[in-house]
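Input: a single structure, listed below in structure tokens.
The values are calculated or read from the model by the stated rules, or taken from the named source; none is laboratory data. This is a predicted model, so every value here is computed, not measured. Counting neighbours? That spans all protein chains shown, and the Cβs are built from the backbone with ideal geometry, glycine included.
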Amino acid sequence: MIYLLKFKYLYFFVMISCCFLGRSSVVEANQVFKIKNIEVDETSHTAIAAREKALEVGQRKAWKLLVRRLTLPDENSQIVELSIDEIKGLVQGYEVVRERISPVRYLANLTVIFNPNLVRDILLKNGVTFSETPSLPILLIPVFETNGVSRLWKMPNPWMNVWREGLYDNSLIPFIIPKGDFQDIKYLSAAQAINGKLVHFFPIMKKYGVHKVVVAKVSRKFNLVDNSPFLEITSRAPGVEDLGETTIAIIKIPPNADVNHLMNSGKQKTIRSLNVAWKRENQVVSSVQQRISVEIPILGLEHWLSIRSKLREIGTLKTSELVRLTKEKALVDLWIMGTLKQLDNALQYKKLALFETNDLLMLCELSNRMPKACDGIKSNKN
């Protein structure tokens, strides 16, 4: 009876291996290709005509926002102007979040979902480099400096206020803004935020569950020539290699300036700067693929299916082939676009990690319960 059970279990794994053997394409829609909060307001001779016009306008707006999300600013101009029919051909679907209709007018908020594969193809066909890999969440610490005083938790801090308003829909980087509660005040001071080493940020990073922190500072200064005021925006990413502050923008302060408007302008410039740096690190420049073989330690069939599902959501991973599957591991050939570093960035977003050991690439899921072969990988990646 024992032998029979063992045979059945082995037979089950063999059957699963046969079913999954062969190349499988990435078919699941990526959230990166979903554009939300598209406001449309169009009129025409009938309500139906106004609706059709609004949907076309909305899809065109969504396409422009998607291109802006995926590409670098200097690459946007390379995009061939597409006709509305061509844009519709790239749309996988759309959602009407809310709508209002009159006999001649149509207003709505739309979400437009594009087909990832078709979008990649048209960008590569036109020689446009792009990045679709989302970053892991970043804890952003907004410091406001004026008259030699640095403010983080103490008010007024208009720089903190605008960041708490949100509005990062078109960013590949999800930002987390600290609440400023008692724990935050205890964990990090303004002085530590400006000059502290990475170790000073560990408590607040642990609280918000992030692996990276960026200090964005706004300083109110004066021009040495004419004494005119301006805002200097800098960023710093404390890490093992702390490269110090990077100047993002200089914003002149006109007479009777709206402080909130200036801060919002600075926020958008900061978001754009951080996104550009991330895109440069992860941009796909060619459709040329390379094949790599990875070993994936697993805890059983259910664990393997979970990992396989995550792999299918990674855009730079074009196809995969299951070579061998046992109770303890899967051997898989992956065809990827880009570098191993770019693949690793994409894997980390899915709580997976790639590392090399004994001339072998191993892929592990970063979780509290991991196979013995993955022991130590979690600490190495954190």
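Observations on the structure shown:
- Per the listing Ile141, Ile173, the residue uniquely assigned to a loop (DSSP other than H, G, I, E, B), surrounded by 19 or more Cβ atoms within 10 Å (Cβ to Cβ), of a type outside the set (Asp, Glu) and modelled with pLDDT of 90 or more is Ile173.
- Residues of the stretch 300-321 that turn out to be under 25 Å from Val210 (Cα atoms), in contact (Cβ under 8 Å) with a residue 60 or more places away in the chain and basic (Lys, Arg), as a count: 2
- Hits in the stretch 176-206 (condition: β-branched (Val, Ile, Thr) and surrounded by 13 or more Cβ atoms within 10 Å (Cβ to Cβ)): Ile176, Ile177, Ile185, Ile194, Ile204
- If the condition is being free of Cβ contacts under 8 Å to residues at least 40 places away in the same chain and acidic (Asp, Glu), then the stretch 194-244 contributes Asp226, Glu232, Glu241.
- Yes/no for Lys341 being within 19 Å of His303 (Cβ to Cβ) and either loosely packed, with under 15 Cβ neighbours inside 10 Å or under 19 Å from the mean Cα position of the chain (by Cα) (or both): no
- Considering residues of the stretch 48-72 that are over 30 Å from Arg280 (Cα atoms), surrounded by 15 or more Cβ atoms within 10 Å (Cβ to Cβ) and not β-branched (Val, Ile, Thr) only, the residue farthest from the chain's Cα centre (by Cα): Ala50
- The listed residue being assigned by TED's automatic domain parsing to the domain that holds Ser150, out of contact with any Gly (no Cβ under 6 Å at 6 or more places or on another chain) and within 22 Å of Arg151 (Cα to Cα), out of Lys212, Lys206: Lys212
- Here Gln289 passes the criteria (1) outside the structural domain of Asp333 (by TED's automatic domain parsing); (2) at pLDDT below 90 except the one numbered (1).
- Among the residues of the stretch 144-170, those that are surrounded by 14 or more Cβ atoms within 10 Å (Cβ to Cβ) and part of a helix (DSSP H, G or I) comprise Pro158, Trp159, Met160, Asn161, Val162, Trp163.
- Test: residue in the stretch 346-362 that is within 25 Å of the chain's Cα centre (by Cα), of a type in the set (S, T, N, Q) and outside the structural domain of Pro73 (by TED's automatic domain parsing): yes
- Residue in the stretch 100-113 that is over 23 Å from Thr43 (Cβ atoms), out of contact with any Pro (no Cβ under 8 Å at 6 or more places or on another chain) and crowded, with 17+ Cβ neighbours inside 10 Å present: yes
- Selected residue (criterion: modelled with the lowest pLDDT) from residues of the stretch 349-369 that are closer than 19 Å to Pro137 by Cα and assigned to a loop (DSSP other than H, G, I, E, B): Ser367
- Hits in the stretch 327-338 (condition: buried (at least 16 other Cβ atoms within 10 Å of the Cβ) and in contact with a Phe, Trp or Tyr (Cβ under 8 Å, 6 or more places away or on another chain)): Ala330
- For first residues located in the stretch 335-356 and under 16 Å from Val285 (Cβ atoms), partners that are of a type in the set (Phe, Trp, Tyr) and lie 6+ apart or on another chain with Cβ distances below 9 Å form the pairs Asn345/Trp278.
- Residue check for Arg324: touching a residue at least 60 places away in the same chain (Cβ under 8 Å) and part of a helix (DSSP H, G or I): no
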